[in-house]
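Enquirer: Encoded as structure tokens, here's the structure I'll be asking about.
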Amino acid sequence: MTSGKSGVLTRSGITMKEYFRKILLPSLGGAMALFAAVSVLRSFVTLSRSIAPVLYAIPLLPLIYAAGYPYARISNKRVQINSKIPFFATYFAVLSTSDVGRSELIWNLATEKILEPIASDMKKVYYLIAKLHRGMPEALRFLARRTPSKVFADFLDRLAYSLDSGVELRDYLLQEQKTVMDDYETFYEGTLYDLDVFKEVYSSLIISVVFMVTFIIIGPILTGQDIVSLSAFTFVLVLATEIGIMLVIKYRMPEDKIWADYAMTSERKARFLKAALVSVAGIAVMAVVVALVLRPRFNLPLLMQAAIVLTPLIYLGKVLDKEEKTILVKDENFPAFMRSLSSSLAASGAALPLVLKYLSAHDFGVLTQDIRNLYRRVSMRIDNSKSWRYFTIDTGSWLIGIFSDIFNKSISLGAEPDYVGVVISRNFERLVRLRRKRAQSVASFKGVIYGITGAFAFSVAAAFQVSVYMNMLFSNLEIQGDFLQNIIFVPSKSGLELTDYILMVILVVHCLLSAISIKLADGGHMGITVYYFVVLLWLAALGQYLGSVVMGKMMTFSSLTGVVVSSLGVIP
């Protein structure tokens with residue numbers, strides 16, 4: 001296959017000049033500014049020997065960013081290219097049966113925004129063929145040495161070899177569909193396996209964070225450190241961990257959105273606006289109920305009060321989720337519609353409006369009304385492209401939008417309908433099957449997040465309850481001398497109260513970022529995040545309540561109190 005790969009900057013798609021001007025020089029400037037800031041800080045504040053090296057390591061972060069930027073860009077571009085391979089191969093195959101020449105064929109691929117970043121790479125091939133008069137096999141090999149995606153490079157190399165051997169482009173691309181989709185399936189399933197492995201890593205990270213949180217809550221009693229400062233450090237630690245997890249999911253998972261970019265029709269907007277207004281009104285009502293009814297009668301934790309107030313947001317999330325499931329069902333029915341449409345066009349030779357009129361009388365499930373709307377627009381013979389665009393808007397599906405656009409453009413360029421229908425329906429069905437596997441992996445990931453959230457809240461609340469009880473116990477002991485004061489440090493009451501609020505913020509942030517991670521993993525609408533956020537907030541509130549109650553009961557056992565007091569040599 002490919003040999004003599006290009007350099008890192010070439011494969012990342014950034015020139016040396018751009019790298020120096022936009023990345024390296026600003027990073028050097030940031031590093032020097034941070035170094036100067038740390039030096040000035042040391043001149044005004046006395047720092048321990050253990051903290052000073054850590055502060056001087058901070059200026060190295062911009063330099064690490066500059067060194068790792070090209071590699072991160074290569075990794076991101078590789079995932080983007082691999083995600084667009086099925087659409088590129090499908091479009092390439094169906095256009096090969098049209099009446100356009102090879103240069104125009106390549107230009108059509110190079111101008112498709114949906115194929116980015118492959119489209120930008122295909123422009124290089126076009127200029128080599130059309131402007132520099134190079135052969136297509138040579139141009140394809142040129143690109144294969146410069147792409148970060150092995151799947152794409154192998155496809156280009158095989159295509160170049162086949163063209164050199166005199167194989168017809170159309171025949172080769174039809175045979176190549178299975179190979180490309182198999183490679184894409186391997187890539188897709190690999191990312192799902194990474195998600196399964198990542199669940200274990202996620203669990204380990206959160207368990208480690210829980211251990212550190214527990215130590216930070218109890219540690220100040222033994223070490224004398226400021227409990228508020230350590231709690232703030234805990235917040236930063238949890239925030240960094242959660243954001244890191246979220247970014248890994250975002251940039252490792254293949255791009256497989258469910259919603260089209262322009263899916264919001266006036267009807268959908270009206271439904272979502274109504275659901276949002278109902279949810280906001282529900283929040284206002286629940287806030288009044290909590291303030292006037294629940295708080296005066298029950299001693300509810302603040303986090304549980306917040307969960308009760310935000311519960312109406314579930315309605316908005318469920319409305320969006322219901323619409324998303326409808327879109328997924330439409331995706332299931334689309335391949336049958338494509339096969340029927342293409343075979344009818346090929347068999348009858350009739351115009352598209354007549355075929356759509358015939359098909360609109362048949363039942364395609366939830367897709368039937370959208371097909372009838374498509375027929376009405378196409379039959380007006382104003383603009384076929386806009387008619388298909390409105391069809392995508394009606395369905396709301398990202399996948400249907402891409403393949404509908406491929407079908408319309410290929411047919412308008414004179415491609416063979418039966419060939420187009422076979423390629424599109426087969427590849428679409430493969431993508432739908434992969435999406436089902438993704439849904440299963442995400443469901444498992446979701447269960448892990450649910451379990452960890454409850455356990456996280458329980459552990460944090462239990463540790464804080466221990467700290468509160470030990471603070472109460474040692475504050476009430478009357479001992480002569482400074483013996484106890486030298487081994488036990490009692491945090492202030494205001495410090496404990498502030499720490500309680502910080503821990504609550506930590507749990508809320510965990511719930512929010514975990515909800516976002518779920519939607520990043522499944523590719524759905526980010527508005528559904530509010531549903532998962534409320535569910536996780538309830539799990540955190542219940543876990544915190546149970547942790548406080550259970551540990552509070554355990555710490556008030558008389559036998560336990562007697563053991564602690566007698567171990568200190570105190571006679572009650």
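Enquirer: In the range 233-277, which residues are over 20 Å from residue 389 (Cα atoms), under 12 Å from the mean Cα position of the chain (by Cα) and in contact (Cβ under 8 Å) with a residue 40 or more places away in the chain?
Expert: Hits for the range 233-277 are 243, 245, 246, 248, 249, 250, 251, 252, 253, 254, 255.
Enquirer: Could you go through the range 287-304 and let me know if any residue there is of a type in the set (Lys, Arg) and either at pLDDT 90 or above or more than 30 Å from residue 194 (Cβ to Cβ) (or both).
Expert: Yes, the range 287-304 contains at least one residue that is of a type in the set (Lys, Arg) and either at pLDDT 90 or above or more than 30 Å from residue 194 (Cβ to Cβ) (or both).
Enquirer: Against the conditions (1) surrounded by fewer than 22 Cβ atoms within 10 Å (Cβ to Cβ); (2) part of a helix (DSSP H, G or I), where does residue 381 fall short? Just the number, please.
Expert: Checking residue 381 against (1) surrounded by fewer than 22 Cβ atoms within 10 Å (Cβ to Cβ); (2) part of a helix (DSSP H, G or I), the one that fails is (2).
Enquirer: Just name the residue that is nearest to the chain's Cα centre (by Cα) out of those in the range 514-557 that are in contact (Cβ under 8 Å) with a residue 12 or more places away in the chain and outside any helix (DSSP H, G or I).
Expert: Filtering first and then ranking leaves 523.
Enquirer: Identify, please: which residue in the range 258-283 is of a type outside the set (Ser, Thr, Tyr) and loosely packed, with under 12 Cβ neighbours inside 10 Å and is, among those, nearest to residue 435 (Cα to Cα)?
Expert: 261
Yes/no per residue for (1) basic (Lys, Arg); (2) in contact with a helix residue (DSSP H, G or I) (Cβ under 9 Å, 6 or more places away or on another chain); (3) more than 22 Å from residue 410 (Cβ to Cβ); (4) in contact (Cβ under 8 Å) with a residue 12 or more places away in the chain:
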position: 60; (1), (2), (3), (4): no, yes, yes, yes
position: 63; (1), (2), (3), (4): no, yes, yes, yes
position: 69; (1), (2), (3), (4): no, yes, yes, yes
position: 86; (1), (2), (3), (4): no, yes, no, yes
position: 93; (1), (2), (3), (4): no, yes, no, yes
position: 99; (1), (2), (3), (4): no, no, no, yes
position: 110; (1), (2), (3), (4): no, yes, no, yes
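Enquirer: Specify which of the listed residues (89, 110, 119, 93) is touching a Leu at 6+ places or on another chain (Cβ under 6 Å), closer than 19 Å to residue 157 by Cα and either surrounded by fewer than 17 Cβ atoms within 10 Å (Cβ to Cβ) or modelled with pLDDT of 85 or more (or both).
Expert: Just a single option satisfies the conditions, and that option is 93.
Enquirer: Would you tally the residues in the range 186-211 being in contact with a Leu (Cβ under 7 Å, 6 or more places away or on another chain) and either surrounded by fewer than 16 Cβ atoms within 10 Å (Cβ to Cβ) or farther than 26 Å from residue 246 by Cβ (or both)?
Expert: The total comes to 0.
Enquirer: Could you list all residues from the range 147-169 that are surrounded by fewer than 18 Cβ atoms within 10 Å (Cβ to Cβ) and of a type in the set (Gly, Ala, Ser)?
Expert: 165, 166
Enquirer: Answer yes or no as to whether residue 349 is small (Gly, Ala, Ser), over 30 Å from residue 171 (Cβ atoms) and surrounded by fewer than 20 Cβ atoms within 10 Å (Cβ to Cβ).
Expert: Criteria not met by residue 349.
Enquirer: Taking residue 393, is it closer than 22 Å to residue 107 by Cβ, of a type outside the set (Ser, Thr, Tyr) and in a helix (DSSP H, G or I)?
Expert: For residue 393, the condition - closer than 22 Å to residue 107 by Cβ, of a type outside the set (Ser, Thr, Tyr) and in a helix (DSSP H, G or I) - is not met.
A quick yes/no check of all residues on (1) closer than 30 Å to residue 424 by Cβ; (2) not hydrophobic (A, V, I, L, M, F, W, C):
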site	(1), (2)
296	no, yes
300	no, no
303	no, no
315	no, yes
319	no, no
323	yes, yes
327	yes, no
330	yes, yes
334	yes, no
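Enquirer: Wholly within the range 273-374, which helices (runs of 4 or more DSSP H) include no fewer than the required count, namely at least 3 residues that are small (Gly, Ala, Ser)?
Expert: 313-348
Enquirer: Under 27 Å from residue 397 (Cα atoms), modelled with pLDDT of 80 or more and out of contact with any Lys or Arg (no Cβ under 9 Å at 6 or more places or on another chain): is that true of residue 461 in this structure?
Expert: In short, no.
Enquirer: Something else now. Report whether or not residue 98 is crowded, with 20+ Cβ neighbours inside 10 Å, closer than 23 Å to residue 253 by Cα and of a type in the set (S, T, N, Q).
Expert: Spelling it out, it is not the case that residue 98 is crowded, with 20+ Cβ neighbours inside 10 Å, closer than 23 Å to residue 253 by Cα and of a type in the set (S, T, N, Q).
The values are calculated or read from the model by the stated rules, or taken from the named source; none is laboratory data. On a predicted model such as this, the values are computed, not experimentally measured, just so you know. Cβ: placed from backbone, ideal geometry, glycine included. Neighbour counts: every protein chain shown.
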